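The values are calculated or read from the model by the stated rules, or taken from the named source; none is laboratory data. Computed from a predicted structure; not experimentally measured. Every residue, glycine as well, gets a Cβ built from its backbone with ideal geometry; the counts of neighbours run over all protein chains shown. Note: areas computed on protein heavy atoms with side chains; ligands, DNA, RNA excluded. Shrake-Rupley method; radii C 1.70, N 1.55, O 1.52, S 1.80 Å.
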Amino acid sequence: MSIKVASNGYGVIGRRIADAVKAQPDMELVGIAKVSPDYKAKLAVEKGYKIFSADEKGLEKFRGNGIEPAGTSKDLIEKADIIIDSTPGNIGPSNKEVYADLGKKALFQGGEKHDLTGFSFVAQCNYGDAAGKQFTRVVSCNTTGLCRVLNALDQEFGVDRARVVIARRAADPDETTKGPIDAVSLDPVHLPSHHGPDVNTVMPHINISTMAIKIPTTHMHLHSAMIQLKDKTASSDRVIDTLNRTSRIMLVNSKSGIKSTGQVLDLGRELGRPRNDLFESIIWEDSVSIVESEVFFFMGVHQESIVIPENIDAIRAVMQTKSAKDSIHITNQILGIRK
Ligand code: NAD
């Protein structure tokens, strides 16, 4: 049986989710909903996607731009077993009411608060706990990247304490009006940042504190991680071996010419990934070092794509159609994630 999936929102995340759903053997994309009949809408129609206007008012706007919508987002929601809501943060609460009225399951994104669903998801950490949930939140890009790594290290060595400094991309590539253009913003000035508590929505037992700054780049976040391990005998070789064995972690090395996020993005192109996407947490292997059982490393997070495999797995997890192992395997294979 194919799971009928609707994508409500068709921006940075929604477009990628729609394409990823379309590619899964056990899912059917019943349509996408968006606000404006722009170039993205036109290309979605060319791809054969059924397009729905976010509201009644928008129907005429779509028609005026040569696009015949299949209805409004309410019509789309009715057709779906599950809705992936990738509208901008804080629209979730009003959309949730609509999904609840129609008795539908929905996934929300990391821009929404944990309280909206009471359950936050990362496939490798808590797949089984999503079973049967009506509402689930797939956590943000930074939280996803951190949870994958902390989970692997915690299982192998025990994590005593994690401290992470995150240099955040200022905007996504198409957000031409956002800055800073020539500054580093303290984001926030008052510490710690929200990223640590967000990790705790998935892994409540991890002692973690974070700081963040915003830098003038659009393509990736960069984490500087300092993680105190419980196992005092841990070596950098064992840490590298653990990360190497963990799904959705990709190790890169400066010896092969990858010394910046720019080269990581180029790697995405060379791998032939759609839109240069890098779904993995990218860790510089030669940055992994241990000082008095504290492990240090740099990690890159491609904000536009890292949560896509998590959304696909969350669909199967809440619909209870596959085990975590099988779902992660299928998703990885279809998206071209090597392990
Ligand atoms: P976006 O602005 O690129 O796209 C939002 C989409 O939702 C647009 O297509 C817009 O037309 C549509 N939309 C707006 N209001 C709507 C409504 N009422 N009904 C239907 N569609 C509506 O946003 P995004 O960057 O894709 O972010 C979406 C969510 O994903 C947010 O919660 C965000 O925090 C989260 N997220 C974003 C990133 C990122 O780097 N961009 C990474 C991880 C998670």
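Points to keep in mind about this one:
- Yes/no for Ser73 being open to solvent by less than 70 Å² (accessible area, probe 1.4 Å) and touching a strand residue (DSSP E or B) at 6+ places or on another chain (Cβ under 9 Å): yes
- Pairs, first part of a helix (DSSP H, G or I) and modelled with pLDDT of 95 or more in the range 55-66, second open to solvent by 70 Å² or more (accessible area, probe 1.4 Å) and of a type in the set (Phe, Trp, Tyr), C-beta under 8 Å, six or more apart: none
- Residue list for the range 266-303, filter: surrounded by fewer than 17 Cβ atoms within 10 Å (Cβ to Cβ), more than 22 Å from Asp231 (Cβ to Cβ) and small (Gly, Ala, Ser): Gly272
- The set of residues in the range 1-28 being open to solvent by 30 Å² or more (accessible area, probe 1.4 Å) and either more than 14 Å from the ligand (Cβ to nearest atom) or hydrophobic (A, V, I, L, M, F, W, C) (or both) consists of Met1, Ser2, Lys4, Ile13, Lys22, Ala23, Pro25, Glu28.
- Within the set Ile83, Ile91, the sole residue that is near the ligand (Cβ under 7 Å from one of its atoms), among the hydrophobic types (A, V, I, L, M, F, W, C) and in the same structural domain as Ser36 (by TED's automatic domain parsing) turns out to be Ile91.
- Filtered by the rule that a residue be of a type in the set (Lys, Arg) and farther than 21 Å from Ser193 by Cβ, the range 97-152 gives Lys104, Lys105, Lys133.
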